[in-house]
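Report on the following structure.
The values are calculated or read from the model by the stated rules, or taken from the named source; none is laboratory data. Remember, predicted model here, so these are calculated numbers, not experimental data. Because the Cβ atoms are built from the backbone with ideal geometry, glycine has one as well, and the counts that use them run over all protein chains shown.
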């Protein structure tokens, strides 16, 4: 069962540009959640726990790279009612829209700025399973800071290889040194898809930062 996810991951990671990535996700949208669940997908549960530790339920939250809305569902179940989802795939957004857990959905990419989103308009910006080469580059951290209000929260996952060798550690450190944000917490290592043949071994951490006022 978990093998279903691996061919899709290969297609996504081998895509030549953002349009091709979006096309693969459009085609995958109908089976995406089934495949993730078969792979033992852990981010919604662990991510919602960390968000709940820091972000009040009345906060306006941007779910960057929301996909079919798994994180939105988890947050809505925990009492969050002001969630905006962002994703480049219309197919994924269609599935998320049907769930009714988002106040708004925006088709777009995480980048240095985020089209369709106003600067400093969110109390928290979260992103899980998205910040990696080929999906959202290290510059996306700048965009998350840009979208977050002063004093707001930034909570996101990055795999160990992407953090150590994909430029994310350097980008996070630069933002800290510039006075843009400060680190608050980093989770223990987790395997987000333990039953995937190709990614079951891959470990990641969830990072919590706060934007400086």
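Miscellaneous remarks
Residue-by-condition table, conditions (1) touching a helix residue (DSSP H, G or I) at 6+ places or on another chain (Cβ under 7 Å); (2) at pLDDT below 95:
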| residue | (1), (2) |
| --- | --- |
| 116 | no, yes |
| 134 | yes, yes |
| 141 | yes, no |
| 157 | yes, no |
| 185 | no, no |
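- Checked against (1) touching a residue at least 60 places away in the same chain (Cβ under 8 Å); (2) in a loop (DSSP other than H, G, I, E, B), residue 123 passes all but a single condition, namely (2).
- Answer residue from the stretch 190-213, given it is in contact with a helix residue (DSSP H, G or I) (Cβ under 7 Å, 6 or more places away or on another chain) and more than 14 Å from residue 129 (Cβ to Cβ) and is surrounded by the fewest Cβ atoms within 10 Å (Cβ to Cβ) among those: 197
- The stretch 159-207, residues that are in contact (Cβ under 8 Å) with a residue 40 or more places away in the chain, assigned to a strand (DSSP E or B) and under 18 Å from residue 48 (Cβ atoms): 184, 185, 190, 191, 204, 205, 206, 207
- Selection of the stretch 142-157 for residues being buried (at least 24 other Cβ atoms within 10 Å of the Cβ) and either within 11 Å of the chain's Cα centre (by Cα) or under 11 Å from residue 212 (Cβ atoms) (or both) yields 144, 148, 152, 154, 155, 156, 157.
- Of all residues making up the stretch 73-93, the number that are in contact (Cβ under 8 Å) with a residue 24 or more places away in the chain, within 10 Å of residue 103 (Cα to Cα) and crowded, with 24+ Cβ neighbours inside 10 Å: 0
- Boolean, residue 32 is surrounded by 17 or more Cβ atoms within 10 Å (Cβ to Cβ) and at pLDDT below 90: yes
- Count of the stretch 172-189 residues which are surrounded by fewer than 18 Cβ atoms within 10 Å (Cβ to Cβ) and either out of contact with any strand residue (DSSP E or B) (no Cβ under 6 Å at 6 or more places or on another chain) or farther than 18 Å from residue 160 by Cα (or both): 9
- For residue 43, the conditions (1) over 14 Å from residue 206 (Cα atoms); (2) in contact (Cβ under 8 Å) with a residue 60 or more places away in the chain are fulfilled apart from (1).
- The single residue among 46, 12 that is part of a helix (DSSP H, G or I), surrounded by fewer than 21 Cβ atoms within 10 Å (Cβ to Cβ) and modelled with pLDDT of 95 or more turns out to be 46.
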